[in-house]
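One structure is given here, and the rest of the page talks about it.
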Amino acid sequence: MIVVLSKNVSVHDKELVRIYLRDRGFAVRDQQFGDDQVIGATGKGVVDLRELGLLPGVERVAATSKPYELVSRETKAEDTIVTVGEAGNVKIGGSRITVIAGPCAVESREQIRETAERVRESGAVLLRGGAYKPRTSPYAFQGLGMKGLEYMKEAGEACGMPIVTEVVSPELAVDMQELTDMFQIGARNMQNFELLKKVGSLGKPVLLKRGPSATVEEWLLSAEYLLAAGTKDVVLCERGIRTFETYTRNTLDISAIPVVKSLSHLPVIVDPSHAVGIRAKVSSAALAAIAAGADGLTVEVHPRPDDALSDGPQSLYPEQFEKLMRDIEALAPVVGKELLRTPQPNRSTAAFRGSDSPAGGAALSGKPVAYNGESGAFAEQALMRIFGEEAPRMQVQSFKGIFDAVLEGSACAGVVPVENSLAGSIHENYDLFLRYPDIAIVGEVKLRIVHCLVADERASMDSISIIRSHPQGFAQCRDFLDKYPSWVLEACNDTATAVASIAREGAVKVAAIAAAAAAKVHGLKILKEGIETNPLNYTRFLVISRKFSGGPGPAGAGLAGAAWVPPSLGSERPDKASLVFSVPDKPGSLFACLKIMAESGLNLSKLESRPIEGKPWEYQFYADVSIPEQGDFFAVMEEFKTCSEDFRFLGAYRGSL
Ligand code: PEP
Ligand code: MN
């Protein structure tokens, strides 16, 4: 049982609550849980929950049905997001996939540095490696100890990666804490309770591996030890359990991922290397884990696995790891997630994005990001995907409202949908780009759209006769709606607004087509899930920000303008650009434009024609092009501009898969 105390509880009242519980047969302990002061009570005592809830200083009482409390979803419904490292940009949990990689053991300064560089290039954001190795045989390589940790920290710092390393004793935990960003408790030590208590008390993030023979409940109870001791940042790691099967090193318990995610709010990652033990099979198991909902992976990679001092046969070659990362990136949107990437500094970036306006940049940091709709809208999910769950946000009631908020500076950026893979372009937003020349595109995210039929708790499929959604929601669920021809469709500004209206009215005859997130936000029920006609349903959102005039313009600024780039978009080299243009009304003029692109090796990923407002039978084109690594992209654009008419460069940005 958890007793959450009110924020301003007095020492006296808190003590009275403790005494009340002890008198009724409970063991009590104080906890700080997020912002809450909490008393955890365990034991077989009997208590009147209502009476307890009425004691001074008690805000609420949560009775849990499980032997663990602090790790339980019953205690905390939202996902915990664990932050590792001082920069705070490595997060585990929520809508991201976080990949940890590195060798089994630190073998030398050069080996850990080389591995760090290789895995970083492929997109790993945390460096793993054992300095103290708990080996089954006393004759096997035991690790370089503190020297190894120093080498690892050095490599991590050089590559901009926090480090995670195993700690094998309470004494070492104290010695290691200065150099370690995240402690790993290994499988063999999962139930070393003194170690758990000590490591938990240090307050650093902890990666807790599941013991080879531990049940899910035992594993969660070990995590409970860590939280009870004081840390709030625990990540659970499934790494294979011992079964009768001996072909693989262990048996990866894929089912543990959804099971643990339903029982606990803590992030769950998977170690496919120790689970499988065979290099050629590691990537398949890793992808299965992501498909099953894992929040990330920890993977063993070695530049020369054949020479590795430990676990060479299961360590991936850097090239295999690179391939795995590409596959994860492609799989991520299917499970509604995005692969977390650390920005790769790239000098050429400035040439595309322009220098941040010092005044404008500073003033904009901390301002909210604007989106159209209510809480739970798909646009809000897209926003959180890019800017993080905690990003301050601003709701506006139209797409134009997003452009206005960004232009006047009340929002630092905005998120606008421009295209759905089934229903096509959202022309209104393309038109807005033309009407707001001081707005630039600085980022992109593609979100998988899963539609649900959402209704009041008391509603059923038989009670409903009116369906509300955005017109795109209707278009994307055509096959489903065709089965119910008598339903009346009512269009709304966005899908979450449709849900909010039902929550307000409490009507049982109305349902909405919207995201599951909207149902959750508004406390409604999901009558049917996944009703979109085609599961390959993605909406493409663009991040917009404001251009700054004046100051020394970078190369190409005449076209791109110097726009403010939100730090969370990183500083990777833009690889995609969007433009709008029309062509002179004469034979071959479109061909002449496209020829410039073809000859410069620019890949055209989108070309769409659209009537020009006020000019019947004249058309403009929307184009997306790739920006090659080599060559002067802006020189090509300048040439393109002279060939076309009404050329408008909308922005250069990093495309999402
Ligand atoms: C490791 O990750 O280095 C390790 C030893 O794993 P496990 O504790 O899961 O065997
Ligand atoms: Mn290993």
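The values are calculated or read from the model by the stated rules, or taken from the named source; none is laboratory data. Nothing here was measured: the structure is a model prediction, and the numbers come from that model. Methodologically, a virtual Cβ is constructed for each residue, glycine included, from the backbone with ideal geometry; neighbour enumeration extends over all protein chains shown. These area figures cover heavy atoms from the full protein model, side chains too; ligands, DNA and RNA do not enter into them. Shrake-Rupley method; radii C 1.70, N 1.55, O 1.52, S 1.80 Å.
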Residue ranges of helices (runs of 4 or more DSSP H) in the range 312-419 with at least 2 members open to solvent by 40 Å² or more (accessible area, probe 1.4 Å), modelled with pLDDT of 90 or more and hydroxyl-bearing (Ser, Thr, Tyr): none
Residue in the range 272-287 that is nearest to ligand 1 (Cβ to nearest atom), counting only those that are closer than 21 Å to Ala187 by Cα and hydrophobic (A, V, I, L, M, F, W, C): Ala275
Which numbered condition Ile112 misses (of (1) on the phi < 0 side of the Ramachandran plot; (2) within 16 Å of ligand 2 (Cβ to nearest atom); (3) more than 28 Å from the chain's Cα centre (by Cα)): (3)
Residue that is surrounded by the fewest Cβ atoms within 10 Å (Cβ to Cβ), among those in the range 277-290 that are assigned to a helix (DSSP H, G or I) and either out of contact with any strand residue (DSSP E or B) (no Cβ under 9 Å at 6 or more places or on another chain) or in contact (Cβ under 8 Å) with a residue 60 or more places away in the chain (or both): Ala280
Test: residue in the range 129-141 that is open to solvent by 10 Å² or more (accessible area, probe 1.4 Å) and away from ligand 2 (no atom under 16 Å from the Cβ): yes
Gln320 within 16 Å of ligand 1 (Cβ to nearest atom) and touching a residue at least 24 places away in the same chain (Cβ under 8 Å): no
Verdict on Asp253 being at pLDDT 95 or above, within 15 Å of ligand 2 (Cβ to nearest atom) and of a type in the set (Asp, Glu): no
In the range 510-553, the residues that are open to solvent by 40 Å² or more (accessible area, probe 1.4 Å), touching an Asp or Glu at 6+ places or on another chain (Cβ under 8 Å) and of a type in the set (Lys, Arg): Lys525, Arg546
First in the range 173-187 and free of Cβ contacts under 8 Å to residues at least 40 places away in the same chain and assigned to a loop (DSSP other than H, G, I, E, B), second anywhere and away from ligand 1 (no atom under 15 Å from the Cβ) and open to solvent by less than 10 Å² (accessible area, probe 1.4 Å), Cβ under 8 Å, 6 or more apart: none
Residues of the range 219-247 classified as surrounded by fewer than 17 Cβ atoms within 10 Å (Cβ to Cβ) and of a type in the set (Ser, Thr, Tyr), total: 3
Residue that is modelled with the lowest pLDDT, among those in the range 464-493 that are farther than 14 Å from Val450 by Cα and polar (S, T, N, Q): Asn493
Subset of the range 421-445 [of a type outside the set (A, V, I, L, M, F, W, C), buried (at least 20 other Cβ atoms within 10 Å of the Cβ) and over 18 Å from Asp646 (Cα atoms)]: Gly443, Glu444
Matching entry among Val168, Val216 (being in the same structural domain as Leu297 (by TED's automatic domain parsing) and within 15 Å of ligand 1 (Cβ to nearest atom)): Val168
Strands (runs of 3 or more DSSP E) completely within the range 1-100 that count 1 or more residues being free of Cβ contacts under 8 Å to residues at least 40 places away in the same chain, among the β-branched types (Val, Ile, Thr) and open to solvent by 50 Å² or more (accessible area, probe 1.4 Å): none
Residue that is nearest to ligand 1 (Cβ to nearest atom) [pool: residues in the range 122-141 that are touching a helix residue (DSSP H, G or I) at 6+ places or on another chain (Cβ under 8 Å) and either among the small types (Gly, Ala, Ser) or modelled with pLDDT of 95 or more (or both)]: Gly130
Filtered residue count, the range 261-276, keeping only those that are more than 15 Å from ligand 2 (Cβ to nearest atom) and either open to solvent by 10 Å² or more (accessible area, probe 1.4 Å) or touching a Phe, Trp or Tyr at 6+ places or on another chain (Cβ under 9 Å) (or both): 4
